[in-house]
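The values are calculated or read from the model by the stated rules, or taken from the named source; none is laboratory data. Everything quoted here is computed from the prediction, not taken from an experiment. All Cβ positions, glycine included, derive from the backbone under ideal geometry; neighbour counts span all protein chains shown. Surface areas here come from the heavy atoms of the whole protein model, side chains and all, with no ligands, DNA or RNA. Shrake-Rupley method; radii C 1.70, N 1.55, O 1.52, S 1.80 Å.
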Amino acid sequence: MGIRSAHAKISKDEEGTITISPITTHGEDSACYLNGDSITEKTELKHLDRLTFGTNNMFVVVIPGTDPRE
């Protein structure tokens, strides 16, 4: 599966927290993975997290000045 036109929403709130929310289309969840684990709800992103959309579209989250996930 590739990336959908509306696969996930990435947001930043007033405190600077960055989150990802997978988008459900026609009753089907988007294939979103954070560090290899499937996510189905709003999840906080950390520096150096790996995001995978579909089966082979991988991205690394870079948030300068913050600590990576433990």
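When ligands, DNA and RNA are left out and all protein chains stay put, how many square angstrom of accessible area per residue does the range 2-70 have with a 1.4 Å probe?
Accessible area per residue, the range 2-70: 69 Å².
Sorted largest first by accessible area at a 1.4 angstrom probe radius, with every protein chain in place, the residues Asp13, Asp49, Asp37, Asp67 fall in the order Asp67, Asp37, Asp13, Asp49. For the range 16-70, the square roots a ≥ b ≥ c of the C-alpha gyration tensor eigenvalues yield an a/c of 1.5 or more together with a/b exceeding b/c, which makes the shape prolate. Evaluated with a Cβ-only charge set (Lys, Arg +1; Asp, Glu -1), the chain carries a dipole of roughly 280 debye about its Cα centre, given to the nearest 20. Remark: the Ala6-Thr66 segment gains 18.8 nm on full extension, using 0.36 nm per residue and subtracting the alpha carbon distance.
Largest accessible area first, the listed residues Glu14, Glu70 line up as Glu70, Glu14 when surface is computed with a 1.4 Å probe on the assembled protein chains. Ranking Ser30, Ile18, Thr55 by how far each Cα lies toward the positive end of the dipole of the chain (charges on Cβ) leaves Thr55 at the top.
Counting only protein heavy atoms and a probe of 1.4 Å, the accessible surface of the chain is 49% carbon and sulfur.
Working from label points 7 Å from Cα in the Cα-to-Cβ sense, the Thr19 to Asn35 distance is 1.8 nm.
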